[in-house]
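Here's the structure we're looking at; comments come further down.
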Amino acid sequence: MSEEEVKEIYIANTKPKDNNLKSCLENLSEEALDDLIIYTNNLDGYDNFDNKNDKVEFLKKYIINNFSDEICTISDEELKELDKIAKNKKTNKFCENLIELGFLFGYYNNQKIEYIFPNELLEKYLTLDIEKIRYRNKIEKIKVIIDTSLLINGVVLVDNLINFLNKSDLKVSKKEIDKLIIDKGLTIINKKYYTEYTFENMHIVDEKVESLNSNPENTFLNYEDSIIYIKFLLSMYHKLELIKNKKILNELFYLLISKPFEEFKKALNEKSKLKKKTIDDIISFIEPNYENIKTWYLNGHSLNEVKINEICKNIYLDKEPKNKTVMDCLNCLNKDSFAKLAKYYNLSNPSVKELYNHIIKNFSNEKEEDLLFFDIIANGGVEIFNLEFKMKPSYFEKGYIYAYKENGEITYNVPKEFYIYEEDNLTYLDYLNLIFYYVLVNGLIEIDKLLEILNKYHDLNITKEELLNEFLDENISIINDKYLGIFDFKEIEMSLIKRMKNDNKNYKIIDDNFKHVFEEFFGKLQQVVANEKESGMLTTVTIFSMCMNMYDEFTFESMCKEYNVPKVTVKKIEQLVKEYKNIIPMWIYNGYSINEYSKIKKDKIGRNDLCPCGSGKKYKKCCGK
């Protein structure tokens, strides 16, 4: 959620009645309360709240009970801001995370945001030894990082660990690390390495020590990524538990994380004493995941990472792309990198636009299961390491991800066009369905006009031929080679829509604010109808009747009655329609909402004038209610 979205949802226009937690919660909108409940991960009980009071009581209890644990997770910077407010000092910083945790509650005072630290939480805060808690929390995180460093490297140079921690927010002294290593019962080698592996095949550890002597490199993961990696390796270990001999089980596991896969597979066949069918089952589970295992013999890197690094040596950006689009990335490639990327598509000396079109078209033909990484990126982001949604080397070869150096470190850019959203949601915002969006909110639009908009305001630079042959969603109809329509309109329907539009020459340009309103309405509508048998029909009828300015409560209620839609669902939909009817894009106004069109008109609309929506009613009796 962006900062602006957090402000819109959580910052109240009025100050709470008093400074207790209940009053602060009551001062929030239901949308903010719902968001806080989701943040608590109480999704199973989400539907159990009958009213706002139930939500307030649940959140009050949850926030108070979890305050002492949650406060240990905030950053030092956030703790400083919280401490300021606890001492009645003002802060100019927007405390987004503290708001979403329910620690602070903001309200506008002369257009400035002021915060309340609820009394119950303030009292708890003043009794806590925050520094002691944070130190304990830091040590626990370091222990996890040490455990992961051993799984990844086998043998670790103490100085490497200290340097890694000191570059992060877990600064630590050598004395503290030495104590932690001793407390964990680890083996210290030559007073400068640590390991925990003492099984019979000690030669694996000896080989690693010898390797570190010549190349003192170790790989580390931060705390969050360490948790993910440990869970990943546990899934491998649990599969190996089909081997009942614990000693052999552990030996094979350490072979898996220290040696090439063929050596592990050979040892599994020779030592496990399992039936061939069981061995095949283990191999079929582990082999597809092996490319993501960080192995000792690759200095803590995975096969995937090694492949990606090799590709990035050949295809890389000379500088950070300004707008982070495919076109921008292609323009940042040097001549050799551009040629190597073009070679993948069997192109010789293509133009930037030609290569761009091949990349976009290729991406659109990928299987859904191969693009889960991009799905996650779009819906909140994912750390580069996250193994569940790991980057594939082929993403770089195909021009889906680009690498460049920033402050000496390799950084990856996923172009905006490849941000994939939920398939049933109208928020797939790459260039391909930007076009679909324009057709959707206009109903009917001239092809030449759309091209003018795309090339002028979105820098798409495509021809009419490219638009019609490569960039159209299958749901868009080409009408008389002149118009694009959301339906295959008949002549009489086309005539009606064109007459409705009258002489409106201006078209609404789609931007982030525009998309936010439409997607917000769509999301809320989907939530309301999610459990209904006719959810698809209800969504389609509601949206299109609103965009066409043909929504009528009586007709809608009659239709819902015919399909046995519960009255409570109908009322919720009608409430949503009332809330959004003046800000939803209208076909009659070429994508502008009623409110926006009213501002465009030179003459102010009087309450007794005809409503600009075309209903024939007076403004005060229609959209001016």
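The values are calculated or read from the model by the stated rules, or taken from the named source; none is laboratory data. These numbers were taken from a predicted model, which means no experiment stands behind them. Because the Cβ atoms are built from the backbone with ideal geometry, glycine has one as well, and the counts that use them run over all protein chains shown. Ligands, DNA and RNA are stripped out before the accessible areas are found, and what is left, the full protein with its side chains, is counted by its heavy atoms. Shrake-Rupley method; radii C 1.70, N 1.55, O 1.52, S 1.80 Å.
Points to keep in mind about this one:
Conditions tested, residue by residue: (1) farther than 30 Å from Asn160 by Cβ; (2) modelled with pLDDT under 90.
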site: Asn250; (1), (2): no, yes
site: Phe264; (1), (2): no, no
site: Thr295; (1), (2): no, no
site: Glu320; (1), (2): no, yes
site: Met327; (1), (2): yes, yes
site: Lys340; (1), (2): yes, no
site: Tyr345; (1), (2): yes, no
site: Lys353; (1), (2): yes, yes
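- With respect to (1) in contact (Cβ under 8 Å) with a residue 60 or more places away in the chain; (2) under 24 Å from the mean Cα position of the chain (by Cα), the lone exception for Trp296 is condition (2).
- Counting only helices (runs of 4 or more DSSP H) that fall entirely inside segment 73-137 and contain at least 1 residues that are at pLDDT 85 or above and over 20 Å from Ala12 (Cβ atoms), the qualifying elements are 76-86, 119-127.
- Among the residues of segment 270-293, those identified as assigned to a loop (DSSP other than H, G, I, E, B), free of Cβ contacts under 8 Å to residues at least 60 places away in the same chain and open to solvent by less than 70 Å² (accessible area, probe 1.4 Å) are Ser272, Leu274, Glu291.
- The lone criterion from (1) touching a Leu at 6+ places or on another chain (Cβ under 7 Å); (2) farther than 30 Å from Lys132 by Cβ; (3) modelled with pLDDT under 85; (4) not aromatic (Phe, Trp, Tyr) left unmet by Leu43 is number (1).
- Just one of the numbered conditions (1) closer than 17 Å to Ala32 by Cα; (2) at pLDDT below 85 is not true of Leu59: (2).
- Segment 316-344 - residue that is within 16 Å of Phe418 (Cβ to Cβ) and assigned to a loop (DSSP other than H, G, I, E, B) and, of those, least open to solvent (accessible area, probe 1.4 Å): Pro321
- Those strands (runs of 3 or more DSSP E) of segment 402-469 in which 2 or more residues are farther than 25 Å from Asn331 by Cα, modelled with pLDDT of 75 or more and in contact with a Pro (Cβ under 9 Å, 6 or more places away or on another chain) are absent.
- Every residue from segment 346-360 that is surrounded by 13 or more Cβ atoms within 10 Å (Cβ to Cβ) and polar (S, T, N, Q): Asn357
- In segment 302-323, the residues that are under 20 Å from Tyr229 (Cα atoms) reach residues that are of a type in the set (S, T, N, Q) and surrounded by 15 or more Cβ atoms within 10 Å (Cβ to Cβ) with C-beta atoms within less than 6 angstrom, at least six apart or across chains, in these pairs: Ser302/Asn292; Asn304/Asn292.
- Evaluation of Val306 against (1) in a helix (DSSP H, G or I); (2) open to solvent by less than 10 Å² (accessible area, probe 1.4 Å); (3) within 30 Å of Leu151 (Cβ to Cβ) (one fails), failing number: (2)
- Complete set of residues in segment 237-258 that are surrounded by 19 or more Cβ atoms within 10 Å (Cβ to Cβ) and assigned to a loop (DSSP other than H, G, I, E, B): Ile243
- When residues in segment 126-139 are screened for being in contact (Cβ under 8 Å) with a residue 40 or more places away in the chain and over 32 Å from the mean Cα position of the chain (by Cα), 2 of them pass.
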